[in-house]
Amino acid sequence: MNMPNLSLASILSRKPQYCLGLDIGSHAVKLCELERSGGGFRVLSLGSSRLPMGAVEDGVLQNPEAVAAAIRNLVKNLKSRVKKAAISISGYSVIVKKISLAAMSDEDMEKHIHAEAEQYIPFDIDDVYLDFQNLATNTADEERTDVMLVAAKKDVVDAYLAMLKDTGLAASVVDVDAFALENSFEDNMMMENENVVLVDIGASKMNINIIHRGTSILARDVAVGSRQLSEQIEARLGVGFEEAERLKLGEQAAGEHKRELEEIFASTCRQWINEIRRAMDFFTSNYQGEAIARVVVSGGGARVAGFTDFLARETDVPVEVFNPFSRITYDSGRIDPEYLAYMAPEMAISVGLATRPVEI
């Protein structure tokens, strides 16, 4: 089986056809299909399919049959004919690390990294796929350059490739969640030379990516997510999962449970904020004199009632919810505008993946 390149940069394609962007989370599979339209993109289809509990844990497939079934149903319902997909991975099986190396050609850098990789990653070199991106930070006075190194465990990646094959799709791109999110952000909301913290909060993990003037300087996965809130609401209030979800999102009035919900939200969301502040402290200590312009939140956790306001108060930085469709057109006769707006925060990673061209 040929392994698609783990890649941090856009793929150049002589004849662009775009992959299905498949964001496979622990709670649901999100799919987005785009096409070129003028100087931008147009949405052809999008959708989400919930997964059984435990089908994916910490980025590792536990029930590939269930995940494959969800993908097949999505593709069938959306009537997509595209057979190539872009996926991304995250969790303990993926290492993303910025390292400093002497400036050299990409060919020499590849040889050096493969020869010296074990000093940078905690895995056996034979057990991982490696890729890197030279950030080209060297100057005339500085002969060293920053390099973003990515290592992913082969058994985890190969399991995804085999699962996709069972759906009738082929993986043309295997990316990392943080960089798919960055790709989506740069296409839709990036302003030149600003410093931004991207925070994607899924059901069981939070991804934090700090962008410094157009370049990622930190990408981190944290094993916390919005399912924490639902489970705590279930346990403390004695309600079912669906009711807990509605209470979490503010879709159901808190009523007599208002005080208990506030305590649950304050405790759990403060854990999230502490992780975000830890990443921001890294930025502050390494880029003295520079400020973070904004925090941009995506994922299902972005819809948690009151979270963005709480985050803004705690960090004293403007916070906004990411809309990956802000510069993307669509046919309102085929796609319900209200559905598109509701799904937007959850689709950030899948949109970033769907912008990846493949050669045909």
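For the chain, with a Gaussian network of springs between Cα atoms less than 10 Å apart, report the residue from 328, 208, 71 with the top mean-square fluctuation.
Among 328, 208, 71, the largest GNM mean-square fluctuation belongs to 328.
Compute the length gained on full extension between residue 158 and residue 124: take 0.36 nm times their separation in residues and subtract their Cα-Cα distance, giving the result in nm to one decimal.
Details: separation 34, 0.36 × 34 = 12.24 nm, distance 1.63 nm.
Gain on stretching residue 158 to residue 124: 10.6 nm.
Per residue of the chain, what 222 nm ellipticity follows from adding -39500 (n - 2.57) for every DSSP H run with n ≥ 4, rounded to the nearest 500? Kindly include the intermediate steps, with their values, before the conclusion.
Numbers: 10 runs with 124 residues, N = 360.
Helix contribution divided over all residues of the chain: -11000 deg cm²/dmol.
Testing the spin-label approximation: label points 7 Å from Cα along Cα→Cβ at residue 60 and residue 72. State their distance in nm.
In this crude label model, residue 60 to residue 72 measures out at 2.6 nm.
Roughly to the nearest percent, how much of the accessible area of region 100-183 is carbon and sulfur, given a 1.4 Å probe? Don't jump to the answer; show the numbers that get you there.
Working: 1660 of 3970 Å².
Accessible surface attributable to carbon and sulfur in region 100-183 totals 42 percent.
For the chain, list the DSSP H helices whose alpha carbon atoms reach 24 Å or more along the long axis and whose average Kyte-Doolittle value is -1.0 or above? Don't skip to the end; give the middle numbers.
Working: long enough: 258-286 (41 Å, -0.69).
Those that clear 24 Å and a mean of -1.0 are 258-286.
Looking at 233, 222, 247, which one has the Cα that reaches farthest to the positive end of the dipole of region 217-294 (charges on Cβ: Lys, Arg +1; Asp, Glu -1)?
Farthest along the dipole direction, towards plus: 222.
Suppose every K and R has +1 on its Cβ and every D and E has -1 on its Cβ; what is the size of the dipole of region 275-360 about the Cα centre, in Debye to the nearest 20?
Values: 8 positive and 12 negative charges, 16 e Å.
Its charge dipole is roughly 80 debye.
In square angstrom, what is the accessible area per residue of the chain with a 1.4 angstrom probe?
On the way: 16560 Å² over 360 residues.
Value for the chain: 46 Å² per residue.
Take the chain, connect every pair of alpha-carbon atoms lying under 10 Å apart with a spring to form a Gaussian network, then pick out the residue of 81, 220, 277 with the largest mean-square fluctuation.
81
Based on the alpha-carbon gyration tensor of region 193-326 and its eigenvalue square roots a ≥ b ≥ c, which shape applies: rounded if a/c is under 1.5, prolate if not and a/b is larger than b/c, or oblate? Write out the running numbers ahead of the final one.
Values: a/c = 2.30, a/b = 2.17, b/c = 1.06.
Taking the square roots of the gyration eigenvalues as a ≥ b ≥ c, region 193-326 is prolate.
May I ask for the Kirkwood hydrodynamic radius of region 126-263, worked out over all distinct Cα pairs and given in angstroms to one decimal? Intermediate values should be presented prior to the final figure.
Numbers: mean 1/r = 0.0535 Å⁻¹.
Value: 18.7 Å, from the Cα pair sum.
Kindly state, to the nearest 0.05, the FRET efficiency for residue 36 paired with residue 249, given R0 = 51 Å and r defined as their beta-carbon distance. The partial results should precede the final answer.
Numbers: r = 34 Å, r/R0 = 0.67.
Calculated value: 0.90.
Scan around residue 19 for amide H atoms under 5 Å from its own, H built in the peptide plane at 1.01 Å from N, and keep only partners 5 or more places away or cross-chain.
Under 5 Å from the amide H of residue 19: 356, 358.
For the modelled label position 7 Å from the Cα of residue 293 along Cα-to-Cβ, which residues of region 198-228 have backbone nitrogen atoms closer than 18 Å?
198-199, 209-218
Using a 1.4 angstrom probe on heavy atoms only, work out the carbon and sulfur share of the accessible area of region 204-360 in %. Display every interim value, and only then the final one.
Working: 3210 of 7160 Å².
Carbon plus sulfur share of accessible area: 45 percent.
For a paramagnetic label modelled at 7 Å from the Cα of residue 341 toward its Cβ, which residues of region 249-293 fall within the zone defined by backbone nitrogen distances under 20 Å?
Hits in region 249-293 for residue 341 at 20 Å: 249-252.
Pop the C-beta distance of residue 114 and residue 146 into the FRET formula with R0 = 22 Å and round what comes out to the nearest 0.05. Each step should come with its number before you reach the end.
On the way: r = 18 Å, r/R0 = 0.84.
The pair residue 114/residue 146 has a calculated efficiency of 0.75.
Want the number for residue 284 to residue 326: 0.36 nm per residue separation, take away the alpha-carbon distance, what's left? Each step should come with its number before you reach the end.
Working: separation 42, 0.36 × 42 = 15.12 nm, distance 2.96 nm.
Net length gain for the segment: 12.2 nm.
With +1 on the Cβ of every Lys and Arg and -1 on the Cβ of every Asp and Glu, and nothing else charged, how large is the dipole of region 103-221 about its Cα centre, in debye rounded to the nearest 20? Could you put the intermediate results ahead of the total?
On the way: 8 positive and 26 negative charges, 88 e Å.
For this selection, approximately 420 debye.
The values are calculated or read from the model by the stated rules, or taken from the named source; none is laboratory data. None of these values were measured; they are calculated from a predicted model. We place every Cβ from the backbone using ideal geometry, glycine too, and count neighbours over all the protein chains shown. All accessible areas refer to the heavy atoms of the entire protein, side chains included, with ligands and DNA or RNA removed. Shrake-Rupley method; radii C 1.70, N 1.55, O 1.52, S 1.80 Å.
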